[in-house]
Amino acid sequence: MSKPPVIWCVGGSDSSAHAGLQADLRTGQDLGCHMQSIVTCVTAQNSKVVELVEPVSVAMFDAQWQVLLDDVYPQAIKVSLLPNHELVVACSKWLEKIKRQRPEINIVFDPVMAASSETGNRLQQSEAAVDLLTLMLPYVDYITPNLLEFEALTQISAHQAVNQIAFQIIEKYGVSQVSWLLKGGHYADAAATDWWFKGERVCGFSTEKLSVHNTRGTGCTLSTALSCFLGYDYFADDAITMAKAYITGALKTGVQIGQGAGPLGRPGWPEQIENLPEILMANMRLGQPLPFPMVDVDLMGVYPVVDSIAWLELVLRQGVRMAQLRIKDTDAVGLDEQIQQAILLGKTHQAQVFINDHWEKAIKYGAYGVHLGQEDLQVADLTHIQQAGLRLGVSTHGYFEIARALAFNPSYIALGHIYPTQTKQMPSQPQGLKRLQHYVNLLKGHYPTVAIGGINCERFAAVAATGVNSVALVTAITLAEAPERVTRFLIGEFEQSKEVGNEDIS
Ligand SMILES: Cc1ncc(COP(=O)(O)OP(=O)(O)O)c(N)n1
Ligand SMILES: Cc1nc(C(=O)O)sc1CCOP(=O)(O)O
């Protein structure tokens, strides 16, 4: 069994366990991480009041860091409540040391200043906020203030255009490694949009604002979930998408414990498609409100992606019912003729033949569907493709791209790349089977799925066993010694995996 990521949480003990370290530990446990803690203070609080806050001594604080460091390095560190100035100074020294030794460890800082319970003491002495950013920002990768914390710490108004906020963050703190995640729960909008600022990059993660009562620990839970997903090595945009989906699920499952607002639920790995945020980006085209026509899922299965009519004919003759013509050269001789022949072959074999990239020609000649990458989605005339009755397949490489693709209501979603591939230079690491399984679980019953990238005869059965609707292959077929036999073998394997899947259900 693979080891769980180790995540350190630096923060205060909350006797009610609605927020603070107790909420952090439950979140990490829920996401399969091993959580370790560095206590900054003990608080006596319940769902209604913060009665007393007692910081630990700097000696105790240092001893916790040292003893953990003597034993193991974490994959990520989440820092939250630092109740006084001495502990802010001590924490920044530890972070400096760790960043010097292991710059790859992600540091997430949730600058807690006050509890959201109705009455009581401030959690952080006001003098601790002085120099907080100066001391912490050099070592932090993510900072996750809510609107009130953001304005109090930066003196930048959160009530202005997001490009203006981005500009002022750069003006004040320079362009750095720091990602600012400005949480939108306190805005008086119908939507809860968290804005991510990193240098000039601005991106919104938006969900409908939920009208729920049990909201204690929202900030702790979001920042811990983010730390956990970073600990699993997800990219920043994927980890933020997942953390937002997680917090939405947690808000929906909150429980009334005590007399004030109760704690959030712990909804497990984000696999509910309705909890994925809508992605908002400048210059990103709006989604496609009407769905594209559906594909016939029963005809999906083995999905060869080939670059010539000869190959297309070969695979269709073996019984393949879904295939793609992928000719990357826009100036290829006879491109129009090849696309027309591909469409005709699809009709002859009653197969779903997709055309990669060349959407205008696909429309012109009446193709069954087109397959587009994320960049193509920004430039292709999707309304025209849809009105012409073509299906749309979309490439994705993680949660962020999946969330973005959903706005277009595509006919299927391709998930890549699962294994290392020789066919194409990929900017990211292979996803592997575990991530594929999560994506399939997320999309099942909503969108047909296709796995692609490095899938060969040996790996095929394990990929099919995830329940993915289709497996796309290039070299497993085109470099095979006996491509006809391999294609038929894979068709048989896929049919068998469906039978096993059906047995599982019954
Ligand atoms: C089924 C399937 N999935 C992914 C791709 C890759 O498409 P794209 O992102 O457009 O990259 P190129 O194919 O253009 O390299 C695909 N073609 N088919
Ligand atoms: C064309 C393509 N797209 C990918 C993606 O992840 O989007 S991976 C890939 C190459 C697939 O080829 P092979 O089966 O030879 O590895």
Task: Members of region 67-115 that are in a helix (DSSP H, G or I) and either in contact with a helix residue (DSSP H, G or I) (Cβ under 7 Å, 6 or more places away or on another chain) or not assigned by TED's automatic domain parsing to the domain that holds Ser37 (or both) - done: His85, Glu86, Leu87, Val88, Val89, Ala90, Ser92, Trp94, Leu95, Glu96, Lys99
TODO: Give the residues of region 138-166 that are closer than 27 Å to Glu104 by Cα and either polar (S, T, N, Q) or surrounded by fewer than 18 Cβ atoms within 10 Å (Cβ to Cβ) (or both), sorted by residue number.
DONE: Pro138, Thr144, Asn146, Leu153, Thr154
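Looking at Ser13, is it of a type outside the set (Phe, Trp, Tyr), within 29 Å of Gly268 (Cα to Cα), without any contact (Cβ under 8 Å) to a residue 40 or more places away in the chain and in contact with a strand residue (DSSP E or B) (Cβ under 8 Å, 6 or more places away or on another chain)? Before the answer, list the steps.
Values: of a type outside the set (Phe, Trp, Tyr): yes; within 29 Å of Gly268 (Cα to Cα): yes; without any contact (Cβ under 8 Å) to a residue 40 or more places away in the chain: yes; in contact with a strand residue (DSSP E or B) (Cβ under 8 Å, 6 or more places away or on another chain): yes.
Yes.
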Task: Filter result (under 10 Å from Gly453 (Cα atoms) and of a type in the set (Val, Ile, Thr)) within region 412-437 - done: Ile418, Thr421, Thr423
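Being within 16 Å of Arg216 (Cβ to Cβ), of a type outside the set (Lys, Arg) and outside any strand (DSSP E or B) is the filter here, so list the residues in region 1-29 that pass it.
Of everything in region 1-29, those that are within 16 Å of Arg216 (Cβ to Cβ), of a type outside the set (Lys, Arg) and outside any strand (DSSP E or B) turn out to be Ser15, Ser16, Ala17, His18, Ala19, Gly20, Leu21, Gln22, Ala23, Asp24, Leu25, Thr27.
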Open item on the list: Going by what's in this entry, would Pro427 be described as over 22 Å from Lys244 (Cβ atoms) and more than 15 Å from ligand 2 (Cβ to nearest atom)?
Closed with: no
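Please find, among Glu495, Glu484, the residue that is touching a residue at least 60 places away in the same chain (Cβ under 8 Å), farther than 18 Å from Leu377 by Cα and touching a Lys or Arg at 6+ places or on another chain (Cβ under 8 Å).
Numbers: Glu495 fails: touching a Lys or Arg at 6+ places or on another chain (Cβ under 8 Å).
Going through Glu495, Glu484 in turn, just one is touching a residue at least 60 places away in the same chain (Cβ under 8 Å), farther than 18 Å from Leu377 by Cα and touching a Lys or Arg at 6+ places or on another chain (Cβ under 8 Å): Glu484.
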Open item on the list: Looking at region 36-58, can you tell me whether even one residue there is assigned to a helix (DSSP H, G or I) and modelled with pLDDT of 95 or more?
Closed with: yes
TODO: May I ask you to list the residues in region 177-198 that are out of contact with any helix residue (DSSP H, G or I) (no Cβ under 7 Å at 6 or more places or on another chain) and over 20 Å from Asn275 (Cα atoms)?
DONE: Gln177, Ala188, Lys198
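Please go through region 468-488 and pick out each residue that is in a loop (DSSP other than H, G, I, E, B) and farther than 20 Å from Gln352 by Cα.
Within region 468-488, Leu479, Ala480, Glu481, Ala482 qualify.
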TODO: Could you tell me which numbered condition Ile38 fails, if it satisfies all but one of (1) assigned by TED's automatic domain parsing to the domain that holds Tyr234; (2) over 25 Å from Leu133 (Cα atoms)?
DONE: (2)
Task: Failed item in (1) within 16 Å of ligand 1 (Cβ to nearest atom); (2) touching a His at 6+ places or on another chain (Cβ under 7 Å), with Leu316 passing the rest - done: (1)
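From Ala114, Ala129, grab the single residue that is out of contact with any Gly (no Cβ under 6 Å at 6 or more places or on another chain), at pLDDT below 90, buried (at least 18 other Cβ atoms within 10 Å of the Cβ) and not hydroxyl-bearing (Ser, Thr, Tyr). Steps first, please.
Details: Ala114 fails: buried (at least 18 other Cβ atoms within 10 Å of the Cβ).
When all the criteria are applied, what remains is Ala129.
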Open item on the list: With the structure loaded, tell me whether Phe229 is in contact (Cβ under 8 Å) with a residue 24 or more places away in the chain, among the hydrophobic types (A, V, I, L, M, F, W, C) and part of a helix (DSSP H, G or I) or whether it fails that test.
Closed with: yes
Task: Selection count, region 353-366, where residues are without any contact (Cβ under 8 Å) to a residue 40 or more places away in the chain and within 14 Å of ligand 1 (Cβ to nearest atom) - done: 6
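If you check Asn456, Asn469, which single one turns out to be in contact (Cβ under 8 Å) with a residue 12 or more places away in the chain, near ligand 2 (Cβ under 10 Å from one of its atoms), among the polar types (S, T, N, Q) and touching a helix residue (DSSP H, G or I) at 6+ places or on another chain (Cβ under 8 Å)?
Asn456
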Task: Residues that are at negative phi, surrounded by fewer than 23 Cβ atoms within 10 Å (Cβ to Cβ) and modelled with pLDDT of 95 or more, drawn from region 215-247 - done: Tyr232, Tyr234, Phe235, Ala236, Asp237, Asp238
Open item on the list: Is it the case, given these coordinates, that Cys33 is over 26 Å from Glu149 (Cα atoms), buried (at least 24 other Cβ atoms within 10 Å of the Cβ) and either assigned by TED's automatic domain parsing to the domain that holds Gly254 or touching a strand residue (DSSP E or B) at 6+ places or on another chain (Cβ under 7 Å) (or both)?
Closed with: yes
- [ ] For Val379, work out the one condition from (1) away from ligand 2 (no atom under 16 Å from the Cβ); (2) at pLDDT 95 or above it doesn't fulfil.
- [x] (2)
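Quickly run through region 437-447 and pick out the residues that are in contact with a helix residue (DSSP H, G or I) (Cβ under 7 Å, 6 or more places away or on another chain) and within 14 Å of Gly416 (Cα to Cα).
Tyr439
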TODO: All but one of (1) away from ligand 1 (no atom under 14 Å from the Cβ); (2) in contact with a helix residue (DSSP H, G or I) (Cβ under 6 Å, 6 or more places away or on another chain) hold for Glu499, so report the exception by its number.
DONE: (2)
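Ile273 - would you say it is assigned by TED's automatic domain parsing to the domain that holds Tyr439 and touching a helix residue (DSSP H, G or I) at 6+ places or on another chain (Cβ under 8 Å)?
no
The values are calculated or read from the model by the stated rules, or taken from the named source; none is laboratory data. Source: prediction; values computed, not measured. Positions of Cβ are backbone-derived with ideal geometry, glycine not excepted, and every protein chain shown enters the neighbour counts.
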